[in-house]
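Report on the structure given below.
Each reported figure results from applying straightforward, stated rules to the coordinates on display, with no laboratory input. All of these numbers come straight from a predicted model, not from anything done at the bench. Cβ coordinates were reconstructed from backbone atoms using ideal geometry, including for glycine residues, and neighbour counts include every protein chain displayed.
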C-alpha cells in the first residue's frame, strides 16, 4: 500500500495547485512590494505614510488573520465572484509584499550615493532615477532576500488549505480522513513535494544572482 | 517612541476600564425567557451505575459533557452569558439528571466534530451529545446510546428560490463545512452540483447564501432549522435525503453507562420531557415534534 | 527622509507639484477608506447587535482567557525555541564533524518545512487531545532552527581577532564562547532574535486551524454564536476587534526590537566595530525604518521572517 501511487492524482493536483498559488502570489507580492518601496522613498509625504502604514500593519498581522480578513472582508466590500483561490492569492501576495518592500528598501540602501547624485546631476527626475539607475542596482543585492521571501511564501501557502484551496497542505487532512495510511509516510511525501518546489526556487534565484553579479 | 508608549498606555487603560465595566447578563435577556417554557428535570439522587468505570469515577463530583456551541436551538452557547441551550443541550441535561447530576454539577465542554472520538476515548468528556450520527465506522471507536432523534440531510435556501426539491440542486452552487459528511455526500455525481464550496463554519455558508454567493446550504435539517429561525429570508426544504440517527457518544466498552443512558432517553420520551424539550427548541421553527425514534440497544 | 538623495531639494515648482500629488494621493487614500467604511456600513457590519456582546463581562473574560492562552503558548514556544536554538547553534559550531553535519541537516530540514504541515503532523500523529503541545512543539522546532541560524551568524560576525586573542591567552573553547564571543554577539543579535519572536507570536495563531482555543479561535467562536442581524453575522466586527489585539501585541514586541536596536547602536558609538556609516548609501538616514521591524533581521537572517 503506497500512499503516493494510490493517490497520485491527488498529489499531482495538490502539487500543481501549490505551484500555481505560489506563482501568482509571488507576482502580486513583487509588483506590490516594488510599488510600495517606491512609495516609501518618494518625495510625496502622503505616499510615504501610506507605505509605512502598509508595511507596519502587514508585518504585524498573523497570516491566518489576514486570510480571515481577506476571505470575509473582500466579499463584504463587493468582490463577490472571487473564489477561494484568488482570495488566497490576495492574502499571500499582500502579506509578502510588505516584506519584499523592506528587502528592496535595504537593497536601495546599498546603492552608492554617487549613483543617485550623478543621475540627478544629469537632470533625471525622481521616477527616472529610481527606475533606471537605483532599482536595477538595488535588485542585485535584493535578490537573495527576495528569494528567501518567495520560499517563505511557498511554505506559507500551506495555510490556504484551511481556506478551501486544495493544495499540498490540504492533502494531509484529506488523506487522514480516508485513514489507513501511516501518517508519517503521508507527511514525508508532502515534505518531498515542498522540497522540490523550494529547492527549485532557490536554484533559480542562485542562477539569477550569478547572472546579475558584476565585479565592482 | 514617546507616541507609541502613550498609545500603549491608552490602549491598556481602555482595556482595563472595559473589563471593569463589563455588563452582566446578555443582550437577548429581554427577548428570551418570556415565551420559552421553563424546562427542568428531576435529578435521580438514587442513580447507581456502579458497573460503569466512567460513572464511578465522576460519582458525586461533576460530569463532563461534550457538545457543540454554535448551533442555535440545537447545541448553542450564548457568547455573552456562557449559558447552554438547544435540543442537544436539553437531552444532555435529561441524561445527566437521570445519572444523578444537576445543572450545577455539569461541566460543559465544546468539542468540534473532528475531536469527538479522541475526546471520548481519552476521557476528555464523559459523554457527548451534539449532532452525532450513529454509523458503523464510528461504532468501531466509540459506543452510542440512543438514537434520541432522527435527522436527515436537507437544504437551506432563499424563501423565493427555485430549488423546491433536492433534485433541483443540479447545476447549482452549494455550501457546507470543510471535511463534513454532508459535503462529501453532496459532491457525489448523482446530485450534479456545479460547485460544492467548503467553508470553516455553517454561519459562513449562511452568509454566503444571504450574499447570493451560493444557492443553498446543506447539512442536517436540525442544524439548518436553527439558521432558518435566525434569518427571516431563508427556509428549509423539509425533504431530507439521508437518515442521520443522532446518538449519545460514550467511551467504547462501557456497557453499563450505555444502558443507563438508553434508560434515561426512554424514560424522558415516555414522561413527555422529550417533547417539551423539542417544543422549546427545534419546535420554534414551526415544525411539530416528530415521533421520537426507538432506542437501539445493539 | 528629508535627506534622501533620490531627488533634488524641491524648488518652488516641484514643491507645488508635490503638493498636488500629495493632495491627490491623500484624497485617493481617504476615498478608499471612506469607500471601505461605506461598504461595511452598507452591508450592515456596524449594526449594534453585532457589537453588543463585547460589552458584557462574560465576553471580555473569554477574550482575556484567549489572550492568556495565546501568551502562554507564545511564552512556552519562545523559551523552548531559544533553548533549542542555542543547542543547535552549539552543534553547528562544534569542532566535530559528526556533530556538525547532523545538526546542519536538522536545521535545514525544519527550516524548509511549512510550519503548518509540521503542526498538522504533530497534531494528528501524537497530540490529538493536546493541540497546545502540537502547536508549541511545532513552533519550537521551526523557530528554534531559525534562531540557531541567527545565533550562528551572530557569533561568526564577532571579529576573528577576539577569539584568537582569547585562545592566545590560554582559554578553552567553552570559555572563549561564554566569556568572549556570546556576550559580544548577543548585542548585535538581539534585534533579529526579537523579530523572530514576533514571528513566533504571530504563528501561535496557526493554532486556530487545529482548533486550539487561542485568541483567534475564541474570536471565531464569538462571531459564530452571535445571532445575525438581518442576515449578517458578526465576522467583520470580530476581525476588527481581534485583529487590533494581535496587531497591538506584535507592534509592542517589535517596537521593543527597534528600541534595543537603537540603544545598542548608541552605546557602541566610537567602537571600531561600529557598522559602516550609513551615510554612504542612497538613503542617508538609516534609522528611518519607522515600521518597528529590524532591517538587519531581514537582510542577515535571509528574510524568511515572512512566516
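Some points to look at:
- Taking B:188, B:98, B:266 in turn, the Gaussian network model of chain B (Cα-Cα springs below 10 Å) assigns the largest fluctuation to B:188.
- Whole-Å distance, taken between Cα centres, linking the stretch B:155-226 and the stretch A:59-137: 38 Å
- Chain A, relative contact order in percent, only Cα pairs under 8 angstrom and at least six apart counted: 28 percent
- Label-reachable residues, the stretch C:114-143, where backbone N falls under 17 Å from a point 7 Å from residue C:72's Cα toward its Cβ: C:129-137
- Computed E for residue C:24/residue A:110 - FRET, C-beta separation, R0 35 angstrom, nearest 0.05: 0.65
- For the residues of C:146-157, the average number of beta carbons from a partner chain within 10 Å of their own beta carbon is 0.
- Each residue in B:158, B:88 was given a count of other beta-carbon atoms within 10 angstrom of its own, and listing them fewest first yields B:158, B:88.
- Shielding by partners - mean other protein chain Cβ count within 10 Å, residues of B:59-72: 1
- Kirkwood hydrodynamic radius of the protein assembly as shown, Cα pairs, Å: 29.3 Å
- Proxy reagent accessibility, fewest Cβ within 10 Å first, across B:205, C:250: C:250, B:205
- Each helix, a run of at least 4 DSSP H residues, gives -39500 (n - 2.57); summed and divided by the residues of the protein assembly as shown, these come to -19000 deg cm²/dmol at 222 nm.
- Part-to-part distance (alpha-carbon centres) for the stretch C:145-164 and the stretch B:233-298, which is given in Å: 66 Å
- Each of B:251, C:13 was scored by other Cβ atoms within 10 Å of its Cβ. Arranged with the fewest first, they read C:13, B:251.
- Between residue C:47 and residue C:101, the C-beta separation translates, for a Förster distance of 51 Å, into a calculated FRET efficiency of about 0.25.
- Of all DSSP beta bridges confined to the stretch B:138-284, the antiparallel ones make up roughly 65%.
- Legend: mean number of C-beta atoms from other chains within 10 angstrom of residue C-beta atoms, peptide B:195-206, equals 4.
- When peptides A:7-19, C:169-181 are ranked by their average number of other Cβ atoms within 10 Å per residue, the highest-first order is A:7-19, C:169-181.
- The label-point distance for residue B:162 and residue B:103, in a model that sets each label 7 Å from Cα toward Cβ, rounds to 4.9 nm.
- Under the criterion of Cα pairs below 8 Å and six or more residues apart, the relative contact order for the stretch C:53-135 equals 17 percent.
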